[in-house]
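Undergrad: The following block contains the structure, expressed as structure tokens.
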Amino acid sequence: MRQKLAKFMYGRNGSDELSKLLSIVAVILLIISMYCGTAVRSTLFLVAVSAIIYTYFRVFSKNTAARRRENAKYLEQKRRVKSRFRLRRDMWKQRKEYKFFKCPSCGATLRVPKGKGRIRIVCKKCGTAFEKKT
Ligand SMILES: [Zn+2]
């Protein structure tokens, strides 16, 4: 039985981070749908079933290159969201000692010590200089 499954899964994508997320989202949608009215319930149910079908399609897919690209895209997106949250958390923690500015040229977040008056800030990323009161 185990060997049969291994043979069946050979050359297939299998489970990855994206399929794990999709199946979790599907289960959450199914649970939410139980507490909704008929119209919303059927829509949520349809979306959840679609997510499950798509998850199985991805797990059993033999086009591993395409599935890997999708997964990599998802992981990159996840990393971005995580780092944005980390930045916000750090900004909040350091709000008493530092002031944060966005670079007018590249949009990078720059940290400068508070209470230094009007200073010239040079972006570490692109080298743009601008003046701000801290
Ligand atoms: Zn910049």
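The values are calculated or read from the model by the stated rules, or taken from the named source; none is laboratory data. The shown structure was predicted, so the numbers you read here are calculated from the model rather than taken from an experiment. Glycine gets a Cβ as well: all are built from the backbone with ideal geometry, and neighbour counts include every protein chain shown.
Undergrad: With (1) within 30 Å of Leu18 (Cβ to Cβ); (2) assigned to a loop (DSSP other than H, G, I, E, B); (3) away from the ligand (no atom under 16 Å from the Cβ) as the list, and Val81 as the residue in question, which single condition is left unmet?
TA: The failed condition is (2).
Undergrad: In addition: Report, by residue number, each residue of segment 1-57 that is in a loop (DSSP other than H, G, I, E, B) and touching a helix residue (DSSP H, G or I) at 6+ places or on another chain (Cβ under 9 Å).
TA: Once the filter is applied, which keeps residues that are in a loop (DSSP other than H, G, I, E, B) and touching a helix residue (DSSP H, G or I) at 6+ places or on another chain (Cβ under 9 Å), segment 1-57 yields Gly11, Arg12, Asn13, Gly14, Ser15, Asp16, Met34, Tyr35, Cys36.
Undergrad: Now a separate question. Just one of (1) closer than 30 Å to Lys7 by Cα; (2) in contact with a Lys or Arg (Cβ under 8 Å, 6 or more places away or on another chain) trips up Ser33, so point out which.
TA: So the condition that Ser33 fails would be (1).
Undergrad: Moving on to the next point. Would you confirm whether any residue within segment 59-74 is assigned to a helix (DSSP H, G or I) and over 30 Å from Arg12 (Cα atoms)?
TA: Within segment 59-74 (the criterion being assigned to a helix (DSSP H, G or I) and over 30 Å from Arg12 (Cα atoms)), the answer is no, since none of the residues qualifies.
Undergrad: Okay, next question. Scanning segment 95-110 for residues that are surrounded by 11 or more Cβ atoms within 10 Å (Cβ to Cβ) and more than 13 Å from the ligand (Cβ to nearest atom), which turns out nearest to Gly127 (Cα to Cα)?
TA: Phe100
Undergrad: Got a number for residues in segment 52-71 being without any contact (Cβ under 8 Å) to a residue 40 or more places away in the chain, surrounded by 15 or more Cβ atoms within 10 Å (Cβ to Cβ) and basic (Lys, Arg)?
TA: Residues meeting the conditions: 0.
Undergrad: Still on this model: Can you tell me which of (1) loosely packed, with under 13 Cβ neighbours inside 10 Å; (2) within 8 Å of the ligand (Cβ to nearest atom) is the one Trp92 doesn't meet?
TA: (2)
Undergrad: Does Arg89 qualify as being in contact with a Lys or Arg (Cβ under 6 Å, 6 or more places away or on another chain) and part of a helix (DSSP H, G or I)?
TA: no
Undergrad: Pairs only if they're at least six apart or on different chains, beta carbon under 8 angstrom, first in segment 91-111 and in the same structural domain as Lys132 (by TED's automatic domain parsing) and touching a residue at least 24 places away in the same chain (Cβ under 8 Å), second within 16 Å of the ligand (Cβ to nearest atom) and not hydrophobic (A, V, I, L, M, F, W, C); list them, first residue then second.
TA: Filtered contacts from segment 91-111: Lys99/Arg111; Lys99/Lys132; Phe101/Thr109; Phe101/Lys132; Cys103/Thr109; Cys103/Lys125; Cys103/Thr128; Pro104/Thr128.
Undergrad: Between a first residue in segment 114-131 that is farther than 10 Å from Cys103 by Cβ and a second residue that is assigned to a loop (DSSP other than H, G, I, E, B) and more than 10 Å from the ligand (Cβ to nearest atom), which pairs have beta carbons less than 7 Å apart while being 6 or more apart in sequence or on different chains?
TA: The qualifying pairs are Lys114/Glu97; Lys114/Thr134; Gly115/Thr134; Lys116/Thr134; Gly117/Thr134; Ile119/Thr134.
Okay, residues lined up against (1) loosely packed, with under 13 Cβ neighbours inside 10 Å; (2) modelled with pLDDT under 95; (3) touching a Lys or Arg at 6+ places or on another chain (Cβ under 7 Å); (4) of a type in the set (A, V, I, L, M, F, W, C):
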{"position": "Leu21", "(1), (2), (3), (4)": "no, no, no, yes"}
{"position": "Ile28", "(1), (2), (3), (4)": "no, no, no, yes"}
{"position": "Val40", "(1), (2), (3), (4)": "yes, yes, no, yes"}
{"position": "Ser50", "(1), (2), (3), (4)": "no, no, no, no"}
